[in-house]
Every structure is written in structure tokens, then in C-alpha cells.
There are 2 protein chains.
Amino acid sequence: MYRDRIRLNTLWGMVMSPEEAAMLIKDGMTVGMSGFTRAGDAKAIPLALAERAAAEPLRITLMTGASLGNDNDKLLTQAGALARRLPFQADPTLRAAINNGGVMFIDQHLSETVEMLRSRQLGPIDYAIVEASAITEDGGLIPTTSVGNSATFAILAEKVIVEINLAQPLELEGLHDIYIPTRRPFREPIPVVAPESRAGLPFIPIDPGKIAAIVITQKSDSAATIDPPDADTAAIAGHLIEFFQSEVRKGRLGTTLSPLQAGIGSIANAVLHGLIDSPFHDLKMYSEVLQDSTFELFDSGKLVFASGSSITLGPEAHDRVIPNIGHYKNKIVLRPQEISNHPEVIRRLGVIGINTALECDIYGNVNSTHVNGTHMMNGIGGSGDFARNAHLGIFVTKSRAKNGTLSRIVPMVSHVDHNEHDVDVIATEIGLADLRGLAPRERAQTIIRNCIHSSYRELATDYLKRASQRGGQTPHLLEEAFSWHIRARQTGSMLPEHRAG
Amino acid sequence: MYRDRIRLNTLWGMVMSPEEAAMLIKDGMTVGMSGFTRAGDAKAIPLALAERAAAEPLRITLMTGASLGNDNDKLLTQAGALARRLPFQADPTLRAAINNGGVMFIDQHLSETVEMLRSRQLGPIDYAIVEASAITEDGGLIPTTSVGNSATFAILAEKVIVEINLAQPLELEGLHDIYIPTRRPFREPIPVVAPESRAGLPFIPIDPGKIAAIVITQKSDSAATIDPPDADTAAIAGHLIEFFQSEVRKGRLGTTLSPLQAGIGSIANAVLHGLIDSPFHDLKMYSEVLQDSTFELFDSGKLVFASGSSITLGPEAHDRVIPNIGHYKNKIVLRPQEISNHPEVIRRLGVIGINTALECDIYGNVNSTHVNGTHMMNGIGGSGDFARNAHLGIFVTKSRAKNGTLSRIVPMVSHVDHNEHDVDVIATEIGLADLRGLAPRERAQTIIRNCIHSSYRELATDYLKRASQRGGQTPHLLEEAFSWHIRARQTGSMLPEHRAG
């Protein structure tokens, strides 16, 4: 009976099939499920739930850490099982259902969901469904490749269903640091003062009497889907490394920099990859997701410690790292996303936050989420937690998309996730704009000069000039502010027709 | 020689006239000046600087805590003395200069300015000019009615000029708690775990050798300019108090609520005033500015402690409170604005943040700063520090302005200072929208139903309906999103012409 995996023998009788466990979930319930950036999600029960929902009325509110793998969101959406979903997702099928109004999606800062649950502003949670590598002698849950919101889901939920995943190595034990902030109004400072700080327990402490079912699985996390670095992402990385070197020369950073955060995705991953050949050393990460580049930096000797909430790897890196996770264990800690993304800790450590923008405007406002101001892509994720509180809030994007028909730098972003107050630096493959200490008119000149693609520079310059004639701290022509977006919607290109040819 | 005011006798020889002291400031310098919400600003040297600037080239970068009184910003602007200004202002003359591009204004979260100075991302500061009630035997500066950024300005500046204001009572001593976060990467948690926590010194510790001049003044702070409560602000207060009662019934708040923050201005002041006749008790404040309502709450027995960065009062309250400040001293602490507004502390305490919106949109995004998306009003101030990290981020506004020709609830705000992720509740005199846990489409229905004025409700409903037909997480018609603003600019009213008559 998997004695090394279920060490509290009174729980052996709780093992059942995914279908049996899924029967515990009733129509209308709120479920908190493990999973963060495709790592450590439940593998069997979501499928069993989707099957049930296809046959009988079953619509739930589903909370997770962040995005799920294994087509969980896709299958649950197709079965009509999702009434509400929070705080993040990255699945095309679910995305379509969100955008047609079929699923209510609450897009949240990743640090905030459990804060709202704990103060009963969200919830209550009927069932937590948590993937674990093992259950301790006391009934504690040892997470797998992510912590996400699993700890608080399990602690607050009425009942807990555990998926013991035999494909996740037992060596994951000891990797996690489960610290939960104490209750207000007597909350103590969070005792995390460095990326390597350990403040909590290596397991999620719950009353084993709450465990309602245990399901055995043996299935790997879905692999990360990250595009390999290309000339543009390498150029962006180059601009940032040059900028960091300049900061060192000015005495603002040391050669070990400051703890690094990199959002999920190809560009941020490429920037970290670029640090392998940089003059910096003894780097540390205080991030949310540890991607391939984290382990490349470890192996190159550049990185000495990494704190995150999940490990999400491409297929090759997965096969190299996960079976040998013991080799990295003294260099890594996985925390609840509330702590990995906590304003208190990010501000204390002086993190350098590098996140991807969907589009930026000439004043340095950033849209991270809404295509054309209306259609959800994935969600804000942790970008706001980091950008607001970072020592340096950096956003990266290629200057153009869709064969140059879309500019990622526009007169006014069609949706604002991060405003000028939180955006210190913008980098595209064209160059880098250091916006610190600049007024909006100066920010616009800098961004247009350094970051926008040449095919859009004249258009942007003309807009800024005409807007400035009308005055203001942040000159705009409201009747033209979205003209690029509207043109793209009508003609397929932000470029005026006479230029498209 | 003011022995009780200048207790370090080696400094007695530094006393000079404002004109002599002002001569120390050279063209192009960066000056950090005391002053926060019209309280504790320098009274004499700004005038002397303005006189010099009228006669010779003198343009400086001026940093303060927040807004100044005594027409300081007006006189400096008229004299052409301001090249750059940060992080906040509230003066009509300076505002005009900012909006015509004559003064570069950097609008910042009030907690962040000194963080950027300390990490050398802004500055260096050549001179700090700080109002003090006294200088201690060791050369420490005892602030007056505000702390603002004065402590870090004085600590980081090359040289310090002190204005000893005899009109500020010596009893202010002991009111202040000067705690400065320790250096990264060894920063410790901020030891403020309750509004009444004291973590630092009662004076600003500086090397007395840095004091370059002492000027004696005797002039009161400018009085606050707050409109008295009216029927609309009373209605808003009523909606909020009803909401708090509902939160208590749901077990989300106790009858002592959670530490309160109220932004400067008539509406927030009226909301606090409304708590006098509420069933709540033993209230505490963790705010930035302590206004008339704070002392009314003290005197009514409702409030037991208030933490802030300044005391800004109307004329009557000033004359009642300031000469008797000793009476309140064990109930009040004034902190550096970095601490009063620190994300770490606000999140830890679970503050209820109540701030004023310039306009909101149907999805709950808030514009706090830019009239018509372009022209600066005052600045974001501390509203972002509080709204992002608060237990409850509440925004208040009257539903209409300018005799009903402007709706404060619009399809899309023309500038975003606080986005949907940070706005939990919106209240107008019409009603209150509780947006927690709602998806954008639901937020829009709630705001239109509860908050918008009836004369705009049909227009907003029509917009939402047509936008929703196009789909999306946050439905919009980009070509119409600013149509209300554009109509107001063209016709003077957001209402279509056939309704204006």
C-alpha cells in the first residue's frame, strides 16, 4: 500500500479510484486545486470530473495556483464543468469560453487569492484537491513540483482529496518551505529576509481527519512550451545585460546584482539564459517559476540559490533535473505563491523583476492581459506583485508582432495592468528605455527613440507632437488614442494602408 | 538664542536670515524639502528662493513629502524656480505649469521616492530643507506637524538647512517615530505590527556637521481646505457604514473594524466623520494624513489610536488641537511616509483603504490623477500604496460633477491609476458596488446598477450591451470607449445633446 508514500497507516483505507473520489464533488461546489505553471497539478480527478460533467449537471468554481497542464482546463471547459475560474489560466479552450462569457474568470494578483480566502472575502472552499509526493506520519502533505496555493487550500477546505503521484520522486521531500502568515490583527513580519530563508515546514500541515480520499497516479507534469531563444530575444537580453553593467558602474548594483525574478515565457527565459555569458556572478533568484534557464544558470556556476513556487521545465530539462532533484535541493526552495510573490518580501529583498508585456504605450503603461483591450490572454499572474514592489520593474517585449503588422508599442495601451508608476524600464529588440525619474513627456520621447520599431516611429512621433500641442502632463488625443488598434481590427494592420504595401 | 529650540550650542552660530540661507542653493541643484499635505513645510526659504529666482537664473529639482502650503509651490513656479518636481503637488499655479510642459512632474507612489533615493536611482540631494520644532543636544531634528520624506532627505543630503518654527509647539516632541529600513541586501522586517507600534527614534538622527544653516520662523501651517460634508458625502458615508455592518454580520470584520486609512479630501473626511454615529468602537487608523475627522473621532471616544505621516487641519481644529497636542500625544504617532504607506505594513495590518476617485469606469478601473486623460490634477499620492495592499480597497466619488454634465462613472477611464485588480469596492451617493470575486462583466452590471447616476444609466447599459456582443473578458468598443469624454470636450456635457435640454 505505498508505505513510503502514505506513511500514516490509518489513511490506507482512503485509497480509491479517481472516479470514486470525483463523486465527492457536487454541483455548485468550490474546489481549490493544486497546480502552478503546469507543475504539480492534479492528474486524475480533473479528468474524472470532466467525464461526470459530460453526463450530469456539474458546474464548479475552480481555484488553482496558476495555470494547469494535462489539458485539465481544456477538458473541464469542454465538459461545461467550470462556472467560475480564478486566479490565472493559460489554456486556449478555456480562454475562448472566458471571452465568450461562458466562464466567469476572476483575474487576480497571484499573491492575493489566499489572502482573500483567509479573510472570508472569497470562498469557502468545499474541497481541496492536492497532488502530493507523499503523506507524512502525521498526515502532512508533501507537495510535488509546485506549492502554489495548495497549502492554504488544504488548510481552509472542508475536506481534502490527495493525489499521490508516483511519477514525482520522493526526493522532492525537503524542497518546500510552507510558511503561512499569522492571523490579523496579530500578524508577525514574514521571516523571509533572503532567497534562501526557510521559515516554515517541509510539508502542508493538515488534520488527517479532513482527508476524504486518496488517489494514486503516475503521470508527469506537462512540459513547458517555451520557444527557443531567437535573434530578437537575444537582442533584448543583450540590452538588459548592458543596462545592468551600467547600473554596476553607477554604484546602484553590485556584480551579484539583486535577487532576480523572471516571468514565465520565452523572452524572460532568454534574458536569464543570457546571464550565463555575463560578467555577473553568485546570482540569486526570488521568483515564482523556475524554468530551464534557472538550471542552466546553476549548471554554469552563475546561480547560487533560487526561490520559487514551482519548477516548470521543457522535456529535456525535465528528464535531466527532476530525477536528480536531490542534486539541486540545497540550492532551491519552493514556497506558497503568497510568499514567493509577497509585496513585503519582494520590496525587502529589492528584487529585479523581469516580465513580459503584451503591449506598452509611449508613456510606459503596460497591458499584460487583454488583446485589443477586450479579450483575455492568460491573466496578470505575478507581474503586478513583482513590478510594483521591485527594485527595478522591467518589462520586455518584441517591438512588433504578426509579421510587423502589429506594433507592441502603441499611443495608448488598450488595457492597463501596470501603469507608469510601476514601470521603470522597457526593453525591446530595438533598445532599452530607462524611465526612472522621467516625466511622461520625457518617457514618451525615450520610448519612441529607443524601443519602437522604425516602421512605427514616425507615426508615434507625429501622435506625440500633435497631442503635446493640446497640453497636459500626459498628452493624448482621446479620439485617436486607439486608432492603431481600430485600424488593425479593420485592415489587419496597425500601419496605414499606403505603408502596408 | 532659543536654547530650548537649538539645544546643541555649537550650532548657535549657524542661525542666519532666510535670504542668506537661500544663497546656499545653486542653480541646477536637487533640493529635498519637508512638507506633507500642507503640514510641516518650510516657511521662509522657499520665499527667499523665489525672490532670488526672479532676479537670477535659479532652477532646481524640488522633492517634497507631498503637497506644500503657504503658496510655496505657487511662488516658486511663478519665479520659474522649478525645473522638476516630485512626487506630489496640489497647487493650481504649479498644476498649470506642469500641464503646459514648463515643469517636469514625476508622479510617484508616496512610499517609493526615498526608496529610489536610497538606491541612488534618484538624486543625489544637494540640500535638505527641513522644518523642525527643535534640534536636540546631539543635533537630531525634531519634526513638526509632518514627517513625510524629511528624515531620508536629511540623512542622504550633502547639507541640511533647518527652519526652526517657533509657531510649532515644543510639545510636538515625542510624537514622531523615525524608523528607516535597513540596507539591502540585509534589510530586516519593519517592526511595525500595529498602528501603535514604535520602532524608531523621536528625532531625525543626522551628523550636526551637515547643518549648513538655521533659520528662525514663526508661521503656522496653511489650513486644510476641505469642503464641509453635504448630502452626497453623507450618503456615501452611509453606504460604507452599512457595508461595514454587513461585513461584521458575515464574520469578515469585527466591530472594531480593521485599521482605517482615508485619503485627503472632503469625501474621505466625511466618511470618517460618519463613523462617529456608527456602532463601531475602539477604532484605529493607519493612514497618511490625520484630518479634522481624526480628532472628532478621538473626541467622540470612537478612536483609540491614529498613525499617520502628518496632521492637516482646518482653522478651527488647528487652534483646538495643535496648542493642546500634548493631550493627544499618547494616541498618535507620525511616521516617515515610507512607513505610513509601506506595502509591507499595510498588508500586514489589513488596512481598510478609502480613497477618492476622479473617475471610475464600469469595470472598476480608477483614474485618480488625469482630467480627460491628459491634464494632471494633483498626483496619485498614497492611493496606490493603500489600495493595492489593503484588506479592502475602497474608492469613493460623487456620481456626477459640474451640475451633472460629467459622469464620474464612464465606459472606460481616460487614465488608469488603479486597475480592476486593486479596486474592491466603489461607492457613490447612489450606492455601493462590492466587486470582490466578480468577473469584469459582473463588475460592470453591479457598478451600473448601484453607482451610476440615473441620467447616465441607460447610456452605460447600452454601451455594455453592444460591447458584450463583440465578446471578451472585458467587453469594450474601442472606437466609442472615450466618446463621453470627447462629447464633453466638444459640447460641455457627457450627455447627448437631446438630453441636455
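Can you name the condition, by its number, that B:Arg118 falls short on among (1) farther than 24 Å from B:His415 by Cβ; (2) away from every other protein chain (no Cβ under 14 Å); (3) in contact (Cβ under 8 Å) with a residue 24 or more places away in the chain; (4) not small (Gly, Ala, Ser)?
Going through the list (1) farther than 24 Å from B:His415 by Cβ; (2) away from every other protein chain (no Cβ under 14 Å); (3) in contact (Cβ under 8 Å) with a residue 24 or more places away in the chain; (4) not small (Gly, Ala, Ser), B:Arg118 breaks only (2).
On the given criteria, is A:Asp282 at pLDDT below 95 and either open to solvent by 20 Å² or more (accessible area, probe 1.4 Å) or aromatic (Phe, Trp, Tyr) (or both)?
For A:Asp282, the condition - at pLDDT below 95 and either open to solvent by 20 Å² or more (accessible area, probe 1.4 Å) or aromatic (Phe, Trp, Tyr) (or both) - is not met.
Just need a number here: residues in the range B:462-474 that are under 15 Å from A:Arg95 (Cβ atoms), in contact (Cβ under 8 Å) with a residue 12 or more places away in the chain and of a type outside the set (Ser, Thr, Tyr).
Looking only at that region, the number is 1.
One residue is enough: does the range B:462-474 have a residue meeting the conditions under 33 Å from the mean Cα position of the chain (by Cα), open to solvent by 10 Å² or more (accessible area, probe 1.4 Å), modelled with pLDDT of 95 or more and within 14 Å of chain A (Cβ to nearest Cβ)?
Among the residues of the range B:462-474, not one is under 33 Å from the mean Cα position of the chain (by Cα), open to solvent by 10 Å² or more (accessible area, probe 1.4 Å), modelled with pLDDT of 95 or more and within 14 Å of chain A (Cβ to nearest Cβ), which makes the answer no.
Scan the range B:385-440 residue by residue and report those that are aliphatic (A, V, I, L, M) and over 20 Å from A:Ile380 (Cβ atoms).
B:Ile394, B:Val396, B:Ala401, B:Leu406, B:Ile409, B:Val410, B:Ala427, B:Ile430, B:Leu432, B:Ala433
Being at positive phi, open to solvent by 10 Å² or more (accessible area, probe 1.4 Å) and not in a strand (DSSP E or B) narrows it down to one residue among B:Gly251, B:Gly326; which is it?
B:Gly251
The conditions are (1) open to solvent by 10 Å² or more (accessible area, probe 1.4 Å); (2) within 14 Å of chain A (Cβ to nearest Cβ), and B:Pro208 fails exactly one of them. Which is it?
(2)
Failed condition for B:Ala235, given (1) in contact (Cβ under 8 Å) with a residue 40 or more places away in the chain; (2) within 24 Å of B:Ser307 (Cβ to Cβ), with all others met?
The one condition B:Ala235 does not meet is (2).
Can you tell me which residue among A:Val271, A:Val215, A:Val192 is within 12 Å of chain B (Cβ to nearest Cβ) and open to solvent by less than 10 Å² (accessible area, probe 1.4 Å)?
Sole residue among the options that is within 12 Å of chain B (Cβ to nearest Cβ) and open to solvent by less than 10 Å² (accessible area, probe 1.4 Å): A:Val192.
Answer yes or no as to whether A:Ala151 is part of a helix (DSSP H, G or I) and more than 14 Å from chain B (Cβ to nearest Cβ).
Spelling it out, A:Ala151 is indeed part of a helix (DSSP H, G or I) and more than 14 Å from chain B (Cβ to nearest Cβ).
Does B:Ile236 satisfy the criteria of being assigned to a loop (DSSP other than H, G, I, E, B) and either open to solvent by less than 50 Å² (accessible area, probe 1.4 Å) or more than 14 Å from chain A (Cβ to nearest Cβ) (or both)?
No, not satisfied.
In this structure, does A:Val321 turn out to be in a strand (DSSP E or B), surrounded by fewer than 24 Cβ atoms within 10 Å (Cβ to Cβ) and out of contact with any Gly (no Cβ under 9 Å at 6 or more places or on another chain)?
no
The values are calculated or read from the model by the stated rules, or taken from the named source; none is laboratory data. What you are looking at is a predicted structure, and each value in this text was computed from that prediction instead of being measured. Don't worry about glycine lacking a Cβ; one is built from the backbone with ideal geometry, like all the others, and counts go over all protein chains shown. Keep in mind that these areas ignore ligands, DNA and RNA; they rest on the heavy atoms of the full protein, side chains included. Shrake-Rupley method; radii C 1.70, N 1.55, O 1.52, S 1.80 Å.
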